[in-house]
1. Within the range 414-433, count every residue that is touching a residue at least 40 places away in the same chain (Cβ under 8 Å), more than 20 Å from THR331 (Cβ to Cβ) and of a type in the set (Gly, Ala, Ser).
2. I need every pair where a residue in the range 143-155 that is of a type in the set (Phe, Trp, Tyr) has its Cβ under 8 Å from the Cβ of a residue that is surrounded by 14 or more Cβ atoms within 10 Å (Cβ to Cβ) and part of a loop (DSSP other than H, G, I, E, B), sequence separation at least 6 or different chains.
3. Restricting the first residue to the range 201-220 and requiring it to be within 22 Å of TYR261 (Cβ to Cβ), which pairs with a second residue that is in a helix (DSSP H, G or I) meet a Cβ separation below 6 Å and a spacing of at least six or different chains?
4. Could you grab the pairs with beta carbons closer than 8 Å, sequence gap of 6+ or different chains, first residue in the range 353-372 and within 24 Å of LEU324 (Cβ to Cβ), second one in a helix (DSSP H, G or I) and hydroxyl-bearing (Ser, Thr, Tyr)?
5. Would you say GLY62 is open to solvent by less than 20 Å² (accessible area, probe 1.4 Å) and free of Cβ contacts under 8 Å to residues at least 60 places away in the same chain?
6. Being closer than 18 Å to PHE31 by Cα and of a type in the set (Gly, Ala, Ser) is the filter; apply it to the range 346-382 and report the residue that is surrounded by the fewest Cβ atoms within 10 Å (Cβ to Cβ).
7. Scanning for something touching an Asp or Glu at 6+ places or on another chain (Cβ under 6 Å), modelled with pLDDT of 95 or more, basic (Lys, Arg) and crowded, with 21+ Cβ neighbours inside 10 Å, does the range 210-219 turn up at least one residue?
8. Quick one: would you say GLY57 is at pLDDT 95 or above, buried (at least 22 other Cβ atoms within 10 Å of the Cβ), touching a helix residue (DSSP H, G or I) at 6+ places or on another chain (Cβ under 7 Å) and over 26 Å from PHE130 (Cβ atoms)?
Amino acid sequence: MAPENQPADHPTDHPAWVQDAVFYQIFPERFANGDPSNDPPGTVPWDSLPTRENFFGGDLQGILDHLDHFVELGANALYMTPVFTARSNHKYDACDYLAVDPAFGATALLRKLVDECHSRGVRVVLDAVFNHCGDCFWAFQDVVARGAASPYSRWFQDVSYPVQENPPSYQTCGGAAFLPKLNLRNREVREHVLHVARYWIETCDIDGWRLDVPWKAPFDFWQEFRAAVKAVKPQAFIAGETWRDTAHWLAGDTCDGIMNYPLRDCILDYCARDTMDAEDFAYFAARLRSLHGRADALNLNLLGSHDTPRLLTNCGGNVRRARLAAVLQFTLPGAPMVYYGDEIGMEGENDPDCRRPMCWETARWNQDMYTTIRTLASLRRRYAALRRGSVETLLVFNGLYAFRRCAPEGDVIVVTNPRQSLADIAIPSGEAAAPGFRRTWRDLLSARSYEQSGSSIHFDVVSEQSAYVLVPVEQNNG
């Protein structure tokens, strides 16, 4: 089969480094407590269960202290959820966009963290929460105090006076009274936000922004946002949080890539839920690649986040299914993004349970998951085909899906089977070969070997809930 058609090149200011990236996502309040002296009042013990309101004391120093963890895992890019001054534990309710939350540290510590990451070859992306702010935001507080006489009365949408929170007399994000919606059609508001976007690049040398709920803000604002960010750092990465309508954000005038929630849904339906067979998965994954075009290589392939149940929980605690999903996450086009703790098999239902503090007791880690993620990150770094290769579907057979990543440096074949074992399976190699052609392929996950005869690779058994990542190790044309 021929490789799938690839659309035209994306713009030259798209950051090429993302294709070689493995991202690690951290929710700072829950990763590590490196400085107990800045703990918020009422901070609970680290092994407590999370609620929507409680604090655990995680901070930037804790991330600095544990850089080795995700660097040794194989990550070379870090995405942190918001770090600016806010009242909540999640910080999506900014009080001041130009200050690091005191419970996390200070601007100098953020710069130190970015510099240390850069010294280890790790890029740093922050969270851009610019559709809304917190009700503690200084401009909103002025509106509450002074009403229509406030010079900031037009900074927020659909405000009526006197300002009240129950029910809110102003437009909010999602109906949450503590999240007043910024009026991004107001020039003054835009200038403030664009200043914030440039400020953290210039002050701390960050490498990009992840856009929170971008569909809620005017599209032309994000076009202006992109121009402002790229003027300061052309190779900065802009990634949009998108759950639907993903292609809209990949035309080259707003985002470089998106959080690939649609692919996540497909992977989980195929690997964890058994609601897609291989034929379904191959079709919908290819459809997404076609919709996204070449920007697909810059998408963030995630299986879990601070807004979803954790990977192992979605897999019903079945580690084999979770490993299968991770194989697809790391071998399909796009940059894999691992949510902190998924690599050690942490579990948790939806928010707030998915935001449990990181487990640092290695005896409690799921070593199969940790080894799998570390191995996949290493393979992605070693084999260019897994980062930049085209995709060719080789076989769909009930639950079994096989595809080939093709690159000049060499090809890689991936086989996945979330269902029952299959005996005596011949998988097309994707190349025309004479009947006498012989080649051996090695599975990089198990080190087992499989023989190719002619144009097919023979498996005596494809085990249930298994995955294989194959590379050729020898060839005999006799």
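1. 1
2. TRP155/ASN183; TRP155/ASN186
3. PRO214/TRP222
4. CYS354/THR313
5. yes
6. Taking the range 346-382 and keeping what is closer than 18 Å to PHE31 by Cα, we get 346-366, 370.
Checking the rest, the ones that are also of a type in the set (Gly, Ala, Ser) come to 348, 363.
Numbers: GLY348: 22, ALA363: 6.
That would be ALA363.
7. Checked the range 210-219: at least one residue is touching an Asp or Glu at 6+ places or on another chain (Cβ under 6 Å), modelled with pLDDT of 95 or more, basic (Lys, Arg) and crowded, with 21+ Cβ neighbours inside 10 Å.
8. yes
The values are calculated or read from the model by the stated rules, or taken from the named source; none is laboratory data. Since the model is a prediction, treat every value here as computed from it, not as a measurement. Reconstructed Cβ throughout: ideal geometry from the backbone, glycine too, with neighbour counts over all protein chains shown. Accessible surface areas use protein heavy atoms only, side chains included; no ligands, DNA or RNA. Shrake-Rupley method; radii C 1.70, N 1.55, O 1.52, S 1.80 Å.
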